[in-house]
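These notes concern the structure reproduced below.
Please treat every number below as a calculation from the coordinates, not as lab data. Just so it is clear, the structure is predicted and the values come from calculations on it, not from any experiment. With ideal geometry, Cβ positions are generated from the backbone for all residues, glycine too; neighbour counts draw on all protein chains shown.
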Amino acid sequence: MVSLEIREMTAGDADAVLEIYGEGIATGHATFETAAPEWADWNRARRPDCRFVAADGVEVLGWAVLSPVSSRPVYAGCAEVMIYIAARARGRGVGRALLHRLVAASEAAGVWTLQAGIFPENVGSLALHESFGFRRLGVRERPGRMSHGPMTGQWRDVVLLERRSRTIGRD
C-alpha cells in the first residue's frame, strides 16, 4: 500500500484525471470510449459533490467520481461509479481507498443506489466492487463493439453491478 491522501477533486486535477482516464481507455478493458473528452464536457457530466483523487505527495494516482444515471427526479439517489487508477499505481490499494471514500460520500449525499458497468475481463475491478457490497445484476450482452485495444472489432459484454445503501433510502 502506498501512502495516500484521498481528497476532493479540483479543476487543478483536470490534466492528471484525463491522463489517467486515457490510460484506462488504452487498455481496451475499461470503456467503449476511444479518447478522453475535453475537461468541460467531462466535468459537466459528473456530479459535483462526489469526486475524489488519490495522491501520493503531489502526484495523482487515481480518481473516483459519480455520474447521475438520469435527470428524472425519482432517480436522484442513483448514481454510476467511475474509478480509474494510473497504470503505475494499480494493485497497490489505491482503488480500495478511493472506493471506500466514494461510498461514504455517496451516502452522505443521499445516494441510495450505486451502479457500475464493467467488462467481464476486468476481473480486478469486478472483485473490488464486489468487496464493497456490489452485486451482479446480470450481463448486457454485446451492447457495443470495440474500436480500440486488444479486442478491436469484437462485440463486448458488460457486467451490471449494483450496491444498495444499508442506511439511505430504507425508510
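The table below gives the values:
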read-out: Kirkwood Rh, angstrom, the chain [1 / mean 1/r, Cα pairs]; value: 16.4
read-out: Globularity ratio of region 1-98, using Cα Rg and 2.2 N^0.38 Å; value: 1.07
read-out: Ranked by how many other beta carbons lie within 10 Å on average, peptides 80-86, 163-169 from highest; value: 80-86, 163-169
read-out: Highest to lowest packing among 140-152, 52-64, 12-24, scored as the average C-beta count within 10 Å; value: 52-64, 12-24, 140-152
read-out: Cα gyration tensor of region 54-115 - equivalent ellipsoid semi-axes, whole Å, descending; value: 26, 11, 9
read-out: Label zone at residue 67, where the point sits 7 Å out along the Cα-to-Cβ direction: region 120-152 residues whose backbone N lies under 16 Å; value: 143-145
